[in-house]
Structure formats: structure tokens, C-alpha cells
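Engineer: Got a structure for you, questions after.
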Amino acid sequence: MADSLPTEFDVVIIGTGLPESILAAACSRSGQRVLHLDSRSYYGGNWASFSFSGLLSWLKEYQQNSDIAEESTASWQGLIHETEEAITLRKKDESIQHIEVFCYASQDMDDNIEETDALQKNTSSVTSSTTTKPLDSACLSEETHSLYATGHELPAKDTPKSDGEISLEVTDVEDTLAREKYCGDKTCIHTVSDGDKDENKPIEEDNTDQPKRNKITYSEIVKESRRFNIDLVSKLLYSQGLLIDLLIKSNVSRYAEFKNVTRILAFREGKVEQVPCSRADVFNSKELTMVEKRILMKFLTFCLDYEQHPDQYQAFVQCSFSEYLQTKKLTPNLQHFVLHSIAMTESSCSTIDGLKATKNFLRCLGRFGNTPFLFPLYGQGEIPQCFCRMCAVFGGIYCLRHKVQCLVVDKESGRCKAIIDHLGQRINAKYFIVEDSYLSEETCSNVQYKQISRAVLITDQSILKADSDQQISILVVPPVESGTCAVRVTELCSSTMTCMKDTYLVHLTCSSSKTAREDLELVVKKLFTPFTETEIDKEELTKPRLLWALYFNMRDSSGISRSSYNGLPSNVYVCSGPDCGLGNEHAVKQAETLFQEIFPNEEFCPPPPNPEDIIFDGDDKQPEAPGTNNIIMAKLDSSEGSKNLESPGKHLQN
């Protein structure tokens, strides 16, 4: 396909992360000729999701890239004219650092399994924090175990759908679901409940009658590799957020399905407990006294329209939100809930930011369920692919594993004219959008990057047991030590199609102060027990067992001004990678801002046309309306179409 690429486009986009994919869809939808490239072998960049073997393959690829510098496969200097100059792009991605992998689950050597995607075992220790024990048939101990895969392709979604999925294709959900309301002086909250089920209620521990846990081996995890969809970045969708609104408006929601986050949890005094969100939760909570319930309801009602009562917070604008909460007669218990589980902010955040975050949380309640959050089935990596699918439907061209060597800049005008790819082909365009990690060290020499600490864990049970084992939970653990950041924990169950049965996939995220393991290991030890420490029979297990862990640091390029980049042509625009926030607001705002800057007279991702309004080439020889030449109406799952377009989706439906 690369040999026959057209040489003229309106927009060339390098990188398939979320903001770039949204921009690609918006540009293609407005009638622009779009070429969307990525040097990686998968969609999403640092927003991607992997099967377990795919993740190990990704780890191996990073290890190889750090050891060996890539060489160009074609000479491009001869394609630069005398009146032009070249801005080279980075040859290898350096946005991920300090990768450490730990395997705690025992390896059943008698299984003699055939590993998915031709996994190659490498039992050499990479980073072991304990004394390495001999490898035997029962246990791999706490030795770091690195397994790498050769395959790069995204996993097929062959898992049947579960109950409780939400399709945003039905946009007027409010007509069928009662929206969450905090009703003025009555201080009442109306919520949607699943027939007053007790699924979310924690169950009492009874170690005497507790059934013996299933012993999950590393071999089983490898066998079920395709049941895992592991996100590089951990985020949720606010039900009233910008991304949900964009998915509905553009009808991209038809390519994805979602589940409600079922529980908001808190970690206090060494114990995990459920936070009451709805009116029913508040008044049914056994953690709060009756006085606390009334105080909490009164404060939350105020937060919903705090702008109308400036006299209640203006004197505290210069104070932290934590200090402000202390003045509102909230008990320490309530202050903890509001700060860490509702506002989900740091203790040092300002009063205004805390009130905004609390209001945002409250206004998102009840639109699709009992919490403010949704999670996409098969992982966050589905969302960029959904927008890539929309771009392809409207005529965009996609090429993975396609490297760009340089940007060609006209010396006189200072504008970028073309790119030169790894095959030595020169491709011209009017506008160029580049993901930050592709820019060279010289271009980014003045940029000060932040870092995100990430951990991905596979565990054998939930951090808070409930009657149902299919819980999607979010927990914010307050800073363990002064000067450190709070850690956000998202726990996913098997019905999210992100992990195998009888396991949970746990994501930990915080702003970096050290390496990811140094930032997050204390929280991991508070919440989980390494598998090898639970081998003794009859041991009372009070915490979930940790089967496998991955730590890494990810570059946070959000919030960087354009002026920080050196020598950037006026028609080259930069998209950032994932930020540390819980939602996707920054990516959506960035995509819309850049689109309006490039095409100020075009609507950003308008609703799709009605099928009857689309004019096909040659139909009755009708004149072609502007912007309709790129509209392609085709069955996305047709075998003929799949030969011509590399499908960006793994499980996308009409």
C-alpha cells in the first residue's frame, strides 16, 4: 500500500493517539484529504491497549529500541531542494522509561503449554528486589520474570458481551433514566438503581467459612492472553464530559460499548470502604452517623450551585480545599470522602478547583448509572480506534509501521511543504499534525516534561469484596508520605473484557516524583499481598493476592506551549500524549482547539449525514455537493473492504 500512496494531501497526521485520532476524524469529516501515519505497529500510541502477550511484545520492543538505534532504510537528502531545509524526526520513542516487570504467580512447568503468539520465555532477572530463589515446578518466587512476544497484532474480540453494557448510540438516555438531582432546599437526591440490588454492598469477612481461592498460575494467564486488554494509560469517561458529548454528537459511539463504574471507594485508616454517592447510598451507609449524613447532603447541595453563593467561599479563595472543608463543619470522615473520593483532588488544590471538581462529580451522577463514570469495553485503547474508523469511513488513509524521516520546510515562507517517509517517498500537504514523542531532541531541547508513574497489576480478587464479583471500582489513596502525591487506583473485573475470569486488572496512576516503582510500591503493599507470601496452607487471606506487576514512567507532554518548541513551522501543530488526569477533557479540548485554528470556518465533528442525503459517484449524474466526495458508505465488516483498509477496530460495530 505504501508504494502507491498519493503524493498530495490536505492534512498529514503523525501518531494515532486520542487527540490525533479525533483530529483525523474531524478533518476527514469536513472533506479534507487525510493521511494518518504511525511508525508503531498498533493504533493508539501511549493510549493503546494490549493483550497480555501483546504487552510483553511491546516491552521487548522498548528494550530493543533502547539498545539499538534505528537506521534509515532509504536516503532522503537528495529529495531536499536548495530552497528547502529538513527538520528530522525522532527515530525511537523515548516517552516510556523505568520499566520493571515482576511475576509472583507460580509457573506450572508440567503444563507444557503452547504459549499464545509464540511467546518466548526468558527467565533472566531484570530487576529483582528480593533474593532470587531456584526455579522449580511449583513456584517462580519473587524473581522478576520477563516474557516477550513476537506478535504485534491487536487481539480479536471473541469474548461474548456481558449484561449491563451501555451503548451511547441511544443519545437521549435521560428520557428513560431518571437523572441524578440535588433538589435545592429539599436536599434530595434521586438515583437510578438496579432494582435496589445489594451487589455493591461489602460483605463481611468470615475466614472460617471462606472458600479456598483458586490457585491461578502464570501458565493460565498466558493461555488466556487474549482475554486481557491492558491499557497503557488509565482513564475513565465522565458521563457529562466532553468526550461523551463528542462521541454522541459525531455518532462515533456506535463503534464502542461501555459499562458503568459501579463503586467509588475510599482508603482510610488502613481500610478500604465504599463511598456513598447517591441519596440512597448516603442514607443507607453504615459508615456515617445521621448527623454526618445531613451535613454531607447540605454541603453537596451547596456545591452544585456554589457560584450563586460567593459569600460562602470568597474569603477562602487563597486557602487550600482541605482547609476550606474544615471550616464547613464537616467531620474528618466526611472531609476525607469529599476530598479524595468525590473531588478526587490533592489536599493542596485551591478552594475554587476543589468546588469545581465536586460540582463536576455531582452533575455527572445519574446520567447512565449510579456513579459519574463509564469505562469502554475492551479498554481505553478502543476510543482512538473508534475515531480512526470514522476517519477511514470518510476517506482517510491509514498506514501503520510507516516511519517519517523528516519534515520538509520552505526556507522563504517558513512553512512545511512535505514529509519524507522511510521509503524515500515525498508526500506534500497543507497542514501537518505531529504527536510530541515524534519530535527530535533538538526541537524539544527547551521543553520541560512532567512524568506519570504507572503500575498495572493482575490480582486474584477485589480489594473490597461484595455480593457480586463483577465490580468496576475507583479508589484514591491519600499521599503515604508528605511531599508525595495521591495515587488513583482503578480496578476492572472480567466483564469489562480486560482480564480473564477469576482475576482483576488493577491500574495505579500518580504524578511522578521518583521512578514508578518507588512512587507506587508502598500503595501496592498496602492493598495487596504477593502471591508467594500466601503459599502456606490455612493462612488467613485478608488482602487480594498479587499475581503479576508492571511499573513504568510515562512522559506527560500536556500543558506545553507551542513557543517551547524550537523552529516549529507555522503549519505544523503538536498534539500531546496522555496527561495524568482521570478524564479525557484535555485531549478533546486540544483536538477541538487545533481543528478550529486550522479550519476556523468548519464545524468540529458534526453529526453524520443521513444515508438518504448521501450522493454516490455516478448516481443519476447529480452535481456533487462540496465536501461529499470523501463520504464512503460501506459495510465496515465486509470482507472486500477489509482487504483495502487496515481496520483500526478490534470489535467495532455499526
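Engineer: Please list, short to long, the whole-number percent of alpha-carbon pairs of the range 213-296 in consecutive 5 angstrom bins beginning at zero.
Structural biologist: Calculated over all Cα pairs of the range 213-296, the distribution is 3, 9, 12, 13, 13, 15, 14, 12, 7, 2, 0 percent.
Engineer: I'd like the accessible area for ILE458: 1.4 Å probe, protein heavy atoms, all chains in place, Å² to the nearest 10.
Structural biologist: Its heavy atoms expose roughly 0 Å² to the probe.
Engineer: Using alpha carbons only, how many angstrom separate the centre of the range 435-501 from the centre of the range 253-325?
Structural biologist: Their Cα centres are 22 Å away from one another.
Engineer: If you roll a 1.4 Å probe over the range 359-408 with all protein chains in place, what percent of the accessible area is carbon or sulfur?
Structural biologist: 47 percent
Engineer: Hey, what's the per residue convex hull volume over the C-alpha atoms of the range 455-526, in cubic angstrom? Present the calculation step by step, with values, prior to reporting the outcome.
Structural biologist: On the way: hull volume 6.0 nm³, N = 72.
Taking the convex hull of the Cα positions in the range 455-526, it is 84 Å³ per residue.
Engineer: For the range 447-573, what is the accessible area per residue in Å², given a 1.4 Å probe and the full set of protein chains?
Structural biologist: Accessible area per residue, the range 447-573: 36 Å².
Engineer: Please give the peptides 360-370, 588-598 ranked by average Cβ packing (other Cβ atoms within 10 Å per residue), highest first, as a rough proxy for protection. Mind dumping the intermediate values first?
Structural biologist: Values: 360-370: 22.1, 588-598: 18.2.
Taking the mean over residues of other Cβ atoms within 10 Å, the ranking is 360-370, 588-598.
Engineer: Ok, one more. Among rounded, prolate and oblate, which fits the range 391-515 when a ≥ b ≥ c are the square roots of the eigenvalues of its C-alpha gyration tensor, a/c under 1.5 means rounded, and a/b larger than b/c means prolate?
Structural biologist: oblate
Engineer: By average Cβ neighbour count within 10 Å, what is the ranking of 415-423, 479-487 from highest down?
Structural biologist: Ranked by mean Cβ neighbours within 10 Å, highest first: 415-423, 479-487.
Engineer: How many lysine pairs in the range 428-548, separated by 8 or more positions in sequence or lying on different chains, have Cα atoms less than 27 Å apart?
Structural biologist: Eligible lysine pairs with Cα atoms under 27 Å apart amount to 19.
Engineer: Then there's this: Based on the mean of other Cβ atoms within 10 Å per residue, sort peptides 437-447, 236-246, 571-581, 329-339 so the most packed one is first.
Structural biologist: In decreasing order of mean packing, 437-447, 236-246, 571-581, 329-339 become 571-581, 236-246, 329-339, 437-447.
Engineer: Right, something else. In a Debye calculation with equal point scatterers on the alpha-carbon sites of the range 244-375 and no solvent, what is log10 I(q)/I(0) at q = 0.10, 0.11, 0.12 Å⁻¹?
Structural biologist: -0.36, -0.43, -0.51
Engineer: Probe radius 1.4 Å, ligands and nucleic acids ignored: give me the carbon and sulfur share of the accessible area of the range 560-613 as a rounded percent.
Structural biologist: Reported share for carbon and sulfur atoms: 46 percent.
Engineer: Across every pair of different alpha-carbon atoms, what Kirkwood hydrodynamic radius in Å does the range 549-613 reach?
Structural biologist: 14.8 Å
Engineer: Choose one of MET390, ALA455, PHE368: the residue whose Cα lies farthest towards the positive end of the charge dipole of the range 360-465 (beta-carbon charges +1 Lys, Arg; -1 Asp, Glu; about the Cα centre).
Structural biologist: After comparing all options, I get PHE368.
The values are calculated or read from the model by the stated rules, or taken from the named source; none is laboratory data. Predicted model, so just to flag it, every value in this text is computed and none were measured. Cβ sites come from the backbone with ideal geometry, for glycine too, and all protein chains shown count toward neighbours. Each accessible area value is taken on the protein alone, full model and side chains, heavy atoms only, with ligands, DNA and RNA left out. Shrake-Rupley method; radii C 1.70, N 1.55, O 1.52, S 1.80 Å.
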